[in-house]
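Below is one structure, written out as structure tokens; the observations come after it.
The values are calculated or read from the model by the stated rules, or taken from the named source; none is laboratory data. Just so you know, these numbers come straight off a predicted model, no measurement behind them. Cβ coordinates were reconstructed from backbone atoms using ideal geometry, including for glycine residues, and neighbour counts include every protein chain displayed.
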Amino acid sequence: MRKARLDWCVVLVATAAALSCVTAHGHKVGCFAACEGRTVSGYAWLGGGGRPKNVPVRVLSTGGSVFLETRTNDAGEFTFEAPCRAELVIVIDAGAGHAARFVVPAKDLPADLPTQKDPAGAGSGVALNASEPEVPPVDCEENPADEATVTDDVARVVAQQIIPLRREIQALSDRQRLQDVLGGIGYLVGIAGLAFYFLGVRRLDERSAGEAGKRTQPVPGREGTAPLSDSADGEV
Amino acid sequence: MHISDGILSRELLIGTNLLAGLGVVRGLAVTDYERVPRVGVLAAVFFVASFIHINVGPVSVHLLMNGLLGILLGWAAFPALAAAFLLQAILLQYGGVTALGANVLCGALPAVLCYYLFGGGCRRAVSARAAFTWGSVCGVVSVLLTCVGLVVVLLLSHSENYRVVAKAVVVAHIPVCVVEGFVVGSCVAFLRQVRPELLLPPVEGRKSLGGEDATEGESGRDAEGMS
């Protein structure tokens, strides 16, 4: 029992040490973007609380073809003009295997933008890898007459109110929560417990089958001695 | 260290997932009844250790502890790390689910290598200081091997500018090497004093952590009773 307690003490101490650092995490990069009129602006953020400076930003179509490429500035922000009224997939490559993507839906963009000529795109799947073979940029054709029903000023004011809300919502959903950490540990303990139980059942079956075999065959030289005892009996 | 989805090419994803799957199967084959709790506890230790961060300038790196997992688990480090990485990917979005194989390989291959390189030294250490030395060297080497693995995987995916990133990754993990050297060394010295059976080779007739039957064992004393 003392040995079991030692193992769990180790886990508890490690958990306590880690939970004190739960706010800081450098495992992932995230991205947020919103559009005001035709201008799409956004920023990338690191899990550890900073912003990746000067990292490549690629704007792709849903088919994988590249609209344009830019970089984040020293504050981790980026801005570009939307070329078409199409779904824009913004991909940030922060290096060392960390990447993030954010999708700007087409309906957020103003109605007077040209639409995408080939919505399926020329690429096969969204490629975050910058060195994939060159894909020709997407063509945008002139929009057939589609009257804008909302004035530009109203749209801009509404966007100014909505964008901070969206940013907060995404920050909330990306926040690392204590219950996720505890859930992960719980899953690991549970899986180990299940494996321990099933292997233990199999071991009990093997042992009872072995003892049944021993009873029918007396072992030479062992009559009168105590049966072999297993020191794992009774220990968890 | 956690590689996200979409970074690696399709062939690399398939290859790394296959190799990691083989490693997990091998690890499960050497995991028997007594070792299951140890595997679970160490997987939880790894899961939790990756929340302990060290800020190095603009980058934030985290502890790995795969050296300790290697010494104590051997090939069973593969299933332990696979479970921990999968839960981190699903619950916390650390790393991608498709890149699970690459992440597991980067974490578990160094662990298994350190088991073969340093496991014997840790077991046969004659003093606490020798055990600390063996453990700390194991901790440093395991972190360096993990960085090398990450760089190799990123280079194989033909991503641009990864020579610069490779240097940055290794430099950023130097403090992790220092901390882990100390932590793993202390753990090995502590275990040698308190529960040396965790470091001893398995009993004769049982599968060792390397998968082969052990030919030497502690006479009259078996490794059962470890929780």
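Would you say B:Leu64 is touching a helix residue (DSSP H, G or I) at 6+ places or on another chain (Cβ under 8 Å), at the interface with another protein chain (Cβ under 9 Å from one of its Cβ atoms), touching a residue at least 24 places away in the same chain (Cβ under 8 Å) and within 30 Å of A:Arg51 (Cβ to Cβ)? If you could, list the steps in order and put the result at the bottom.
Values: touching a helix residue (DSSP H, G or I) at 6+ places or on another chain (Cβ under 8 Å): yes; at the interface with another protein chain (Cβ under 9 Å from one of its Cβ atoms): no; touching a residue at least 24 places away in the same chain (Cβ under 8 Å): yes; within 30 Å of A:Arg51 (Cβ to Cβ): yes.
No.
Given B:Ala77, B:Ala108, which one is within 18 Å of B:Gly149 (Cβ to Cβ) and touching a Phe, Trp or Tyr at 6+ places or on another chain (Cβ under 6 Å)? Among B:Ala77, B:Ala108, only B:Ala108 is within 18 Å of B:Gly149 (Cβ to Cβ) and touching a Phe, Trp or Tyr at 6+ places or on another chain (Cβ under 6 Å). In segment A:189-218, the residues that are more than 15 Å from B:Ala80 (Cβ to Cβ) reach residues that are of a type in the set (A, V, I, L, M) with C-beta atoms within less than 7 angstrom, at least six apart or across chains, in these pairs: A:Leu199/B:Val36.
Among residues of segment B:12-26 that are in contact (Cβ under 8 Å) with a residue 40 or more places away in the chain and within 19 Å of B:Val36 (Cα to Cα), those with a Cβ under 8 angstrom from a residue that is among the small types (Gly, Ala, Ser) and not in a helix (DSSP H, G or I), sequence gap 6+ or separate chain, pair up as B:Arg26/B:Gly211.
Filtered by the rule that a residue be more than 9 Å from every other protein chain (Cβ to nearest Cβ) and over 17 Å from the mean Cα position of the chain (by Cα), segment B:87-102 gives B:Ala89, B:Val97, B:Thr98. Look at B:Ile90 and say whether it is closer than 22 Å to A:Asp93 by Cα and in a helix (DSSP H, G or I). Yes, satisfied.
The sole residue among B:Val153, B:Val137, B:Val184, B:Val179 that is over 25 Å from A:His98 (Cβ atoms), touching a residue at least 24 places away in the same chain (Cβ under 8 Å) and within 14 Å of chain A (Cβ to nearest Cβ) is B:Val184. Of the residues examined, B:Ala77 is not one that is surrounded by fewer than 24 Cβ atoms within 10 Å (Cβ to Cβ) and either out of contact with any strand residue (DSSP E or B) (no Cβ under 6 Å at 6 or more places or on another chain) or not in a helix (DSSP H, G or I) (or both). Restricted to segment A:159-180, and to residues that are modelled with pLDDT of 85 or more and aliphatic (A, V, I, L, M), which residue is farthest from B:Ala44 (Cα to Cα)? Going through the qualifying residues, I end up with A:Ile162. Scan segment A:165-180 and report the pairs whose first residue is surrounded by 10 or more Cβ atoms within 10 Å (Cβ to Cβ) and whose second residue is among the hydroxyl-bearing types (Ser, Thr, Tyr) and modelled with pLDDT under 75, with Cβ atoms within less than 8 Å and a gap of 6+ or a chain change. If the second residue must be among the hydroxyl-bearing types (Ser, Thr, Tyr) and modelled with pLDDT under 75, the pairs left are A:Gln176/A:Thr23.
Residues in segment B:35-61 that are more than 7 Å from chain A (Cβ to nearest Cβ) and part of a helix (DSSP H, G or I): 4 in all. From the list A:Ala111, A:Ala75, the one residue that fits, being within 14 Å of chain B (Cβ to nearest Cβ) and either assigned to a loop (DSSP other than H, G, I, E, B) or at pLDDT below 80 (or both), is A:Ala75. Taken over segment B:76-117, the criterion of being at pLDDT 90 or above and aromatic (Phe, Trp, Tyr) is satisfied by B:Phe78, B:Phe85, B:Tyr115, B:Tyr116. The sole residue among B:Val104, B:Val97 that is β-branched (Val, Ile, Thr), touching a Leu at 6+ places or on another chain (Cβ under 9 Å) and buried (at least 24 other Cβ atoms within 10 Å of the Cβ) is B:Val104.
When segment B:6-16 is examined, which residues are found to be surrounded by fewer than 18 Cβ atoms within 10 Å (Cβ to Cβ) and either at pLDDT 95 or above or farther than 19 Å from B:Thr146 by Cα (or both)?
B:Ser9, B:Arg10, B:Glu11, B:Ile14
Residue-level analysis places A:Val201 outside the set of residues that are at pLDDT below 85 and more than 9 Å from every other protein chain (Cβ to nearest Cβ).
Of the residues making up segment A:65-100, those that are surrounded by fewer than 18 Cβ atoms within 10 Å (Cβ to Cβ) and either more than 16 Å from A:Glu36 (Cα to Cα) or among the β-branched types (Val, Ile, Thr) (or both) are A:Leu68, A:Glu69, A:Thr70, A:Arg71, A:Asn73, A:Asp74, A:Ala75, A:Thr79.
Could you check, for segment B:2-22, whether at least one of its residues is assigned to a helix (DSSP H, G or I), away from chain A (no Cβ under 12 Å) and in contact with a Pro (Cβ under 7 Å, 6 or more places away or on another chain)? Checked segment B:2-22: no residue is assigned to a helix (DSSP H, G or I), away from chain A (no Cβ under 12 Å) and in contact with a Pro (Cβ under 7 Å, 6 or more places away or on another chain). One residue is enough: does segment B:208-216 have a residue meeting the conditions at pLDDT 85 or above, among the aliphatic types (A, V, I, L, M) and closer than 30 Å to A:Arg203 by Cβ? Within segment B:208-216, not a single residue is at pLDDT 85 or above, among the aliphatic types (A, V, I, L, M) and closer than 30 Å to A:Arg203 by Cβ.
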